[in-house]
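Inspection log for the structure reproduced underneath, given as structure tokens.
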Number of protein chains: 2
Amino acid sequence: MPATRSSDPVALFEAARSGDQAALARLLSMVERGGSPSRAVAGLAFKAPGDAYTVGVTGAPGSGKSTLTDRLITLVRQVGLEGGDRVAVLAVDPSSPYSGGAILGDRVRMPSHALDDHVFIRSMATRGHLGGLSVAVPDAVRVLSAVGIPVVLVETVGVGQQEVEVAAATDTTVVVVNPGWGDAIQANKAGLLEIADVFVINKADRPGARTTRRDLELMLDLTDLGEWRPSIVETVASTGEGVETLWTTIAEHRDHQIEQGTLQPMRQHRLEREFHQIVVARVGKRIDTLTGQGRFADITTAMLEGELDPYEAAERVVSEVLSDGAVPPSDG
Amino acid sequence: MPATRSSDPVALFEAARSGDQAALARLLSMVERGGSPSRAVAGLAFKAPGDAYTVGVTGAPGSGKSTLTDRLITLVRQVGLEGGDRVAVLAVDPSSPYSGGAILGDRVRMPSHALDDHVFIRSMATRGHLGGLSVAVPDAVRVLSAVGIPVVLVETVGVGQQEVEVAAATDTTVVVVNPGWGDAIQANKAGLLEIADVFVINKADRPGARTTRRDLELMLDLTDLGEWRPSIVETVASTGEGVETLWTTIAEHRDHQIEQGTLQPMRQHRLEREFHQIVVARVGKRIDTLTGQGRFADITTAMLEGELDPYEAAERVVSEVLSDGAVPPSDG
């Protein structure tokens, strides 16, 4: 197929829209690797946004996220959502050194969908992408949305800070915990409580599910919640039990946001955050370049000789680098 | 004890230098929480640096890092290092929401040293510290060094990107793996190969230690190494086997760096990186403030209305924020 070998984003988008998985994979590789091809792809996706609903799935390693995601795919393929019945999964793995078109590897992850060309599964690492995961993943999601996929699941491999942020940057965030002493507390410690729209107690056939539910309810009671109180769903992903209820609950959260008129404002808010991260990454890169050119050599030397501490040195650089209107007043 | 209740950094430093653990804990709490007290403490530590030798200990959860660190403490207390026989451990846990003076909790972590007042153990989270772990941990290490502690062990809880960076920012970085298929490869994937000065195969009494050693040697053969080829040490932390050899190997790496004259340049290089991170964090914070003041409202609106993609919008903000000399030329 010629489109796949092309590196023309417009041609690749066209092919991907009509279902060419290899073209889509190619677009995502471009996003992942960063640089100007990534910008071109991201720009095109932004201007033809589509309307994917995004669901984040996060939780500790071993909690059964992948199996749950696998079950959700099957269900979405059956019940669909307005806009079609394609589903995409982005499996976010910041520590993976692999990048680029590992379609086969990604399909092997979830063998039950290997032959279904309405399912697109993709692992994502982001070495090299300026701004990291928090910029690359939204770009990738927009690409998937732009080619007409109505449901995008974003699954994180671990619960590192970056991964939690990425999972939170979706329309509905599902936090997976397991029964057992302290699991709810661990989730809270990892910052998962505040991002959850839906809690899943997976492996709910094991002892302790009731206690875990009570712990979660208690923690929610102690939290200053908004309009939506996170639901708690019990599942056994290995058998599929409860997965239908989970999907219904996700749909309820979606309907709630649409009724309350919060979906678009939330998306805009996320876009603003993303934009802020791009700005900071670019400024950081510019400072790197200037440093490499020896621009702050005198300040650095003063610091290395112990005359300025790193904070004093940083203050000087900041006032050299920022334009007058952006420098904080000296008492600020 | 009056010094402990004081919030005067100078008094706290004086007390901590003469062995007051509570005063030292207080200083570290101040560093951890960020803000201007943190700056005052960091500035004082920077100007009276001390000469602690720092050892990073990292590896996957469950690899036995804590037990190994525990054993290293016992050994260092016996054999010492020039500069005294105090030892400090910073256990870096980015996901922990706890901060501030949890001395008791920290001592319970390693009960065998609970009564030894020459051992200082501290968990460290950094919510609220501008610049995050990569700035807070070096500040904390400098405080420990400034009060005269000659050996500081920095142990990470996981292998998230931030934690790997923090473990790498020490004089000798120890990477802990376990016997078994693929563990060395996992370590490589997590970016641990490139930061290791010493590899520990812990739980070396289990099957597969020889294979793991061979995997590591092979990966080292394939890597472009500097003057120091990372050593591989086998330990059984639970019994203490091999821990003496590990300490000897750490000391060899230290001697190597002193002989080659690389120790000070490496420390300076790390200080420059830290400084860079402070600069970027401050600029980011400034941009936040300006955004909050509505400074970029027109650009943001254009983006939200789809006229500018986030990259185009970011470019405009960057050229507004950076002073003329810092703005990249338009073709760059």
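Points worth noting:
- Segment B:42-61, residues that are surrounded by fewer than 16 Cβ atoms within 10 Å (Cβ to Cβ) and in contact (Cβ under 8 Å) with a residue 12 or more places away in the chain: B:A48, B:P49, B:D51, B:P61
- Selection count, segment B:1-18, where residues are surrounded by fewer than 18 Cβ atoms within 10 Å (Cβ to Cβ) and modelled with pLDDT of 90 or more: 6
- With respect to (1) within 30 Å of B:D51 (Cβ to Cβ); (2) within 14 Å of chain A (Cβ to nearest Cβ); (3) over 19 Å from the mean Cα position of the chain (by Cα), the lone exception for B:P230 is condition (2).
- The single condition among (1) free of Cβ contacts under 8 Å to residues at least 24 places away in the same chain; (2) among the aliphatic types (A, V, I, L, M); (3) at the interface with chain A (Cβ under 10 Å from one of its Cβ atoms) that B:A281 does not meet is (1).
- Pairs where the first residue, in segment B:301-316, is closer than 16 Å to A:A48 by Cα and the second is among the acidic types (D, E), C-beta under 6 Å, 6+ apart: B:P310/A:E274
- Selection status of A:R282, charged (D, E, K, R) and over 30 Å from A:V174 (Cβ atoms): yes
- Segment B:285-301 - residue that is over 15 Å from A:R282 (Cα atoms) and surrounded by fewer than 15 Cβ atoms within 10 Å (Cβ to Cβ) and, of those, nearest to the other protein chains (Cβ to nearest Cβ): B:T289
- When residues of segment A:180-204 are limited to those that are assigned to a loop (DSSP other than H, G, I, E, B) and crowded, with 21+ Cβ neighbours inside 10 Å, the one nearest to the other protein chains (Cβ to nearest Cβ): A:A190
- Residues that are over 38 Å from the mean Cα position of the chain (by Cα) and either more than 8 Å from chain A (Cβ to nearest Cβ) or within 18 Å of A:A281 (Cα to Cα) (or both), drawn from segment B:304-329: B:E305, B:E307, B:L308
- Here A:V166, A:V154, A:V174, A:V143 are screened, and the one residue that is within 14 Å of chain B (Cβ to nearest Cβ), of a type outside the set (S, T, Y) and in contact with a strand residue (DSSP E or B) (Cβ under 8 Å, 6 or more places away or on another chain) is A:V166.
The values are calculated or read from the model by the stated rules, or taken from the named source; none is laboratory data. All of these numbers come straight from a predicted model, not from anything done at the bench. Counting neighbours? That spans all protein chains shown, and the Cβs are built from the backbone with ideal geometry, glycine included.
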